[in-house]
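Asks: Supplied in structure tokens, the structure appears directly below.
The values are calculated or read from the model by the stated rules, or taken from the named source; none is laboratory data. Just so it is clear, the structure is predicted and the values come from calculations on it, not from any experiment. Cβ coordinates were reconstructed from backbone atoms using ideal geometry, including for glycine residues, and neighbour counts include every protein chain displayed. The protein model used for the area step is the full one, side chains on, heavy atoms only, and it has no ligands, DNA or RNA in it. Shrake-Rupley method; radii C 1.70, N 1.55, O 1.52, S 1.80 Å.
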Amino acid sequence: MKKLYYISGLLLMLGAALNNYVTARDVMPPQRMGDIVEVDSSATVCDSVQWRGRWLTASGVYTDTVLSSSLGEDSVYVLNLTVHHSSSVVENVIICDSYVWHGVTYTATTDEPFVVLQNVEGCDSTVHLDLVVEYSDDTTVTVEACDSYTWHNRTYTTSTDRPIYYGQNQIGCDSIVHLSLTVRYSTAGEREVTACNSYSWQGVTYTSSTDIPYIYGENAVGCDSVVTLHLHIRHAVDSAYSVVACQRYEWYGVEYTASGVYTHQLDPTETGCSGVDTLHLTIGQPGTGVEEVIICDSYTWHGVTYTESTDEPTFIDRTYAGCDSVITLHLEVEYSVSTIFEVHACESYTWHGDTYTSSIYGPRYYGQNQVGCDSIVTLNLTIGHSNTGSETVTACDEYTWHGNTYTESGTYSATLQNASGCDSVVTLNLTINYSNTGVETVAVCDEYTWHGNTYTESTSTPTYTETNAAGCDSVVTLDLTINYPSMG
């Protein structure tokens, strides 16, 4: 209410000032217009103004006529009024911990702060702050659990006050939660009873020895308690029974820690029966074990999934004798593989029952690799093709072709590899022409010129090579006899 009083006071003061202003204009010397005196004035105000005895709150042209003025003429007062309006808005803010508003820091919820500004029309604009301050919290969660407790996806099996969880509380502010955990443990107990003829336990009457009955309850720390009754019914005769226990066993007030056969002479004053009890006792011990696993890709063991080889995880199990047994996982993780099989073949290729006659990429075969994991093999096949060709050759005397020497005309073939690695069969059409020899016998006097050489003595050595009709060499030998004139 104080804020309203303050604003109203401002408006009254402003209205009074404007009223004084308009009134001062009203008493200006009037202008004569016949027998009417007209006085004009203009004003711009905020919200309202008092003019000539009345409050005006809207823009407009207002007139007031005064009859029989002291000047002996009617007076008309005209006011051209423009009214602008103040405004009031509320700024709603929800914040965590603290909020700074116009230079002031607020740390608690409040709706009292306001500021007075000017709006676009030059009038007061009152802005009220409606602030809701929420708070971050730092809390401790105290938990008592039996055997184990899972908190934010992690399981704890021992008491601890170290875990911290960072999040947001229900109002969206920071929330730090500390866990104070007390882990208590379930128990398993055994009750040894020796009775004569019958025994009543938990509303049931037993007439023979038994190790089966048990009862669920709570132990001193509020966790599960399982009590097993080991009942020995005596019928005034000797009896024997077997017991399996962990580490130790108490029988007739004596604690046994080793397996064996033990006897006890019954005292009729104890059980009402007489005789000899024989105990066949097996004592078990806590143990350790190793679980060897070879797996592909991943393995889930007691709720945890492993994707890499490890020998660290352990799990506590209970043996047949009720003793804890620590099992260690020795895990070998092998991995599935995906490979590309590159093949170059001629004409066709058969792969896993399908025959391909053209190059292809994409066929897949699913099987197992050498470690027994999935194996995906993709075939990348390039098909090449064989071809044939022929070669025609004419040679003299002999012709060597692909390592073989031929001396007779004929058709021959050779198998080679083409550019794609396939057979290329080439046929040779071979014509063999032969060289020949001849002797030219000449007898002349004194000298003989043959193929540019002049001979003056008999000889059979000179030769001359020319081409025969088949295009081969023809060797001619000169058999020359030189005769000389006689001098007689």
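Asks: If I ask for residues that are surrounded by 15 or more Cβ atoms within 10 Å (Cβ to Cβ), farther than 21 Å from Y249 by Cα and in contact (Cβ under 8 Å) with a residue 40 or more places away in the chain, which ones from the range 179-221 would you list?
Replies: Result: R184, C196.
Asks: Hey, another quick one. Give, as residue ranges, the strands (runs of 3 or more DSSP E) completely inside the range 164-251 that count at least 1 residues that are among the acidic types (D, E) and farther than 30 Å from V133 by Cα. It would help to see each step written out before you state the result.
Replies: Numbers: elements: 164-168, 174-184, 187-196, 199-201, 204-206, 214-218, 224-234, 239-246, 249-251.
Per the criteria, 187-196, 214-218, 224-234, 249-251.
Asks: While we're here: Just one of (1) of a type in the set (S, T, N, Q); (2) open to solvent by 40 Å² or more (accessible area, probe 1.4 Å); (3) modelled with pLDDT of 85 or more trips up Q170, so point out which.
Replies: (3)
Asks: Next question. So, in the range 304-325, of the ones that are modelled with pLDDT of 90 or more and in a strand (DSSP E or B), which residue ends up surrounded by the most Cβ atoms within 10 Å (Cβ to Cβ)?
Replies: Y306
Asks: Return the only residue of V127, V120, V133, V116 being more than 30 Å from H302 (Cβ to Cβ), of a type outside the set (D, E), open to solvent by 40 Å² or more (accessible area, probe 1.4 Å) and assigned to a strand (DSSP E or B). Show your work before the answer.
Replies: Numbers: V127 fails: open to solvent by 40 Å² or more (accessible area, probe 1.4 Å); V120 fails: assigned to a strand (DSSP E or B); V133 fails: open to solvent by 40 Å² or more (accessible area, probe 1.4 Å).
Just a single option satisfies the conditions, and that option is V116.
Asks: Filter the range 378-412 for residues that are in contact (Cβ under 8 Å) with a residue 12 or more places away in the chain, open to solvent by less than 80 Å² (accessible area, probe 1.4 Å) and not in a strand (DSSP E or B) and give the result.
Replies: The answer is S386, D397, T407, S409.
Asks: Answer with yes or no whether A58 is at negative phi, open to solvent by less than 90 Å² (accessible area, probe 1.4 Å) and modelled with pLDDT of 80 or more. It would help to see each step written out before you state the result.
Replies: Details: at negative phi: yes; open to solvent by less than 90 Å² (accessible area, probe 1.4 Å): yes; modelled with pLDDT of 80 or more: yes.
So A58 passes the test.
Asks: Then there's this: Look at Y434 and say whether it is within 29 Å of Y464 (Cβ to Cβ) and modelled with pLDDT under 90.
Replies: yes
Asks: Here is a follow-up. Among the residues of the range 351-377, how many are assigned to a strand (DSSP E or B) and either modelled with pLDDT of 90 or more or of a type outside the set (V, I, T) (or both)?
Replies: 15
Asks: Give the residue that is least open to solvent (accessible area, probe 1.4 Å), with candidates limited to residues of the range 292-303 that are farther than 8 Å from L331 by Cβ and either among the small types (G, A, S) or touching a Pro at 6+ places or on another chain (Cβ under 7 Å) (or both).
Replies: Top of the filtered list is S298.
Asks: Check G103 against each of (1) open to solvent by 50 Å² or more (accessible area, probe 1.4 Å); (2) of a type outside the set (A, V, I, L, M); (3) at pLDDT below 90 and name the one condition it does not meet.
Replies: (3)
Asks: Test of understanding: among V183, V204, which residue is over 30 Å from S136 (Cβ atoms) and among the hydrophobic types (A, V, I, L, M, F, W, C)?
Replies: The match here is V204.
Asks: Right, something else. With the requirement that a residue be at pLDDT below 90, touching a Cys at 6+ places or on another chain (Cβ under 8 Å) and in a strand (DSSP E or B), what does the range 437-482 give you?
Replies: D473, the sole residue that qualifies.
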